[in-house]
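These notes are about the structure you will find just below.
The values are calculated or read from the model by the stated rules, or taken from the named source; none is laboratory data. What you see is a predicted model, and the numbers here were worked out from it, not measured in a lab. All Cβ positions, glycine included, derive from the backbone under ideal geometry; neighbour counts span all protein chains shown.
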Amino acid sequence: MDGTQGGIEEAPLEPAPLTAQAVRRFLSDNPEFLTRDDGLLGELGLKVADGNVVDFGPAALARVHAAHRREADQRQQVEETARANFSAQAQTHGAVVDLLDSRNHSDLSRRVDDLAQQRFGLAAGVIALESEGLPPAGWKHLVESQVDMILGGPQQLARMGFAPTALGLFGDRADTIRSMAMVRMAIWEPSRQGLLAFGSTADEGFTEDMGTELVAFLARVVERTAERWPILSQ
């Protein structure tokens, strides 16, 4: 029988799948494949330096530059945050001096509004007090339990963000207020419930995730300053 007749024709072998490990092994066994192919090196952004060492040139520089830029951006954010915190603290300390110079309840209220606008760039600063009769001149009048309603409950000491129930505190400027910072106060003995409130025309001027420490500190200063003078029973 002819050997070419009735024989079985072998199928061509399928090439093995290309893997990263296989490529690495090939380049390790055949380094000249990469170092002698200037076109491939150029496409990869590489070049062969003296001593037959692959220099990563532009590719390495690009990675270093990107890392440096990320580091610089992070450092700039930290520095900006530190400057903002320092500025806020400095303005708060200046505000305390202004408040301590108040001559009476009316002057204290005026100074709160002035420091809100001139020191902090806000729309308004307000002192409000729950009372049966009229509060001191320049203070906003609140009825019993209205502080609880504005802050969201008797256990709430402060509130940041937008509260529709607080718009009345800002009088004819209420239409411009988009966010508030408010802190509960207790003044005189027996204590009367009050509020120190600041209003901003920006939606993000005060947000719920903001800390209340500086505003609360100012509220304590207002409390102690207001207690210098007695309030007439109404």
When every residue in the range 146-159 that is in a helix (DSSP H, G or I) and of a type outside the set (D, E, K, R) is compared, the one surrounded by the fewest Cβ atoms within 10 Å (Cβ to Cβ) is M149
Picking from G194, G138, which residue would you name as being among the small types (G, A, S), part of a loop (DSSP other than H, G, I, E, B) and surrounded by 14 or more Cβ atoms within 10 Å (Cβ to Cβ)? G138
Checking the condition surrounded by 14 or more Cβ atoms within 10 Å (Cβ to Cβ), aliphatic (A, V, I, L, M) and over 15 Å from T225 (Cα atoms), which residue from V112, V183, V143 passes? V183
Of (1) at pLDDT 95 or above; (2) over 15 Å from S191 (Cα atoms); (3) not basic (K, R), Q118 satisfies every one except (1)
Which listed residue is of a type outside the set (K, R) and in contact with a Ser or Thr (Cβ under 9 Å, 6 or more places away or on another chain), from L134, L99: L99
So E43, is it loosely packed, with under 11 Cβ neighbours inside 10 Å, at pLDDT below 70 and in a loop (DSSP other than H, G, I, E, B): no
Test result for T81, out of contact with any strand residue (DSSP E or B) (no Cβ under 7 Å at 6 or more places or on another chain), modelled with pLDDT under 85, buried (at least 17 other Cβ atoms within 10 Å of the Cβ) and part of a helix (DSSP H, G or I): no
Restrict the check to the range 178-195 and report whether at least one residue is touching a residue at least 40 places away in the same chain (Cβ under 8 Å) and closer than 18 Å to Q118 by Cα. no
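Can you pull out the residues in the range 197-234 that are hydrophobic (A, V, I, L, M, F, W, C) and either assigned to a loop (DSSP other than H, G, I, E, B) or exposed (fewer than 12 other Cβ atoms within 10 Å of the Cβ) (or both)? Steps first, please.
Start the filter on the range 197-234 by keeping residues that are hydrophobic (A, V, I, L, M, F, W, C), which leaves 197-198, 202, 206, 210, 214-219, 221-222, 226, 229, 231-232.
Across the range 197-234, the qualifying residues are A202, F206, M210, W229, I231, L232.
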